[in-house]
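**Q** My questions all concern the structure below.
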Amino acid sequence: MKSFFCLFVAMVSLSGCVERAPLPKLGISFGVGAAQRWTYEIQVMTEHARALGLDVDARMNRNEEARRQLADCEEMIDEGVDALIVVARDVASMKGIVRKARARGVKVIAYARAIHDAEYDFYVGYDTYRIGWSMGDTLVERVFRGDIAILQGDAHDINVPSLQDGAMRAIQPAVDDGDLRVILNEPIERWSPALAKARLKRAVARNGGRLDGVLAHNDILAGAAAEAVREMGLENHVSIVGMDAELSALRRLVRGEQDATVHMDLGSMAVAAVEVADDLIKGRPASANAEFRMPSGVSVNAYLVSGKIVTKENLDRLIVEPGVHGRQDIYGDQAPGESLTEDVDRLADDDEQGDQEAGAQQDDAGVAVAEAETDEHRDDPQDEEDQEQVAVKEHGVALDGG
């Protein structure tokens, strides 16, 4: 009896010394710009991951060089994350991170931007070709005949070519038939609204002040187009189509300054990415609804979402009634002349101040972009080429699209 009592005491003592097993750990790295969507998505991911019982290390790198994001990812891998969700600032440089992660047994999920020609585990994103096609089709229906401009996203964004190809599938036949004429069709470095506005104004000036429509690869560029139209004082209605259903864009729909945007259920997409990571960590098959084929021919399992065109006519049904944004947020008092570039500059200043105060925070914004072009009339303040240079130096905030 005494022996049994001693054994019982020993077992109780040992049980008190056993530490609880650590939670599976998820790393999240966003190399993104100032668009509102990213803050929302990383918050949704963090909350859902914790609800699933995961430890979370989430890091947002806004408007920075790719090397800072790479350092973050390497650190998270070294600290023992079991899975890594990545929105790559530079998809080419991210290949080394993917190789290191796989060597350590870390599952990698590319989010929003596919990492081409790298052997990662899953891609969660959107069907950019189909979305671009719907955007182009909407613009063609609205303009029908006239002069249009296309403000593409940054050429280094992996989604831009597919979005552009989809848009041109709808636009090119109208161009071939002579119904539409494209006066501007260029990538906008770092998604800079100031640069987009300067280039659009210059193209319209060279076209005799004629512009009937703009297709912008995201709503920040659409806002730059709307601002340019106001400043140029164009009397005709200019149809502007954007993407992301940013709150500022929805307000422009109400004011008649933008014709359409694309709403994607980004919350569901963020949740899907975390659930994929949870499945992969725990050895379960992750739910895929597509295969994403890379240029090399290699395919990766994917979960792709499509978008819905939002206009002033269906705004309540697609946005207000589902609770994406409240009626007051969209229809409330809003100055029609709000300056997009001022808003972006203010965000950059706020991020920089927050970085100084927090020390470890990496949300500083305001990377200046310098154009490589030379301008023989640089001293003439009225010259459009010179205005573009000044705009880039003063307002070249790095922004991301889809």
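**Q** Taking Gly267, is it surrounded by fewer than 20 Cβ atoms within 10 Å (Cβ to Cβ), within 21 Å of Arg50 (Cα to Cα) and either out of contact with any Ser or Thr (no Cβ under 9 Å at 6 or more places or on another chain) or in contact (Cβ under 8 Å) with a residue 60 or more places away in the chain (or both)?
**A** So Gly267 fits the description; yes.
**Q** Among the candidates Arg50, Arg67, single out the residue that is assigned by TED's automatic domain parsing to the domain that holds Ala270, out of contact with any strand residue (DSSP E or B) (no Cβ under 9 Å at 6 or more places or on another chain) and part of a helix (DSSP H, G or I).
**A** None of the others qualify; the one that does is Arg67.
**Q** Please state which one of Glu235, Glu257 is without any contact (Cβ under 8 Å) to a residue 24 or more places away in the chain, assigned by TED's automatic domain parsing to the domain that holds Leu180 and within 18 Å of Ile148 (Cβ to Cβ).
**A** Glu235
**Q** Further question: Just one of Glu64, Glu75 is at pLDDT below 95 and of a type in the set (Asp, Glu); which is it?
**A** Testing whether each residue is at pLDDT below 95 and of a type in the set (Asp, Glu) leaves just Glu64.
The values are calculated or read from the model by the stated rules, or taken from the named source; none is laboratory data. In this text, all values refer to a predicted model and were calculated from it rather than measured experimentally. Every residue, glycine as well, gets a Cβ built from its backbone with ideal geometry; the counts of neighbours run over all protein chains shown.
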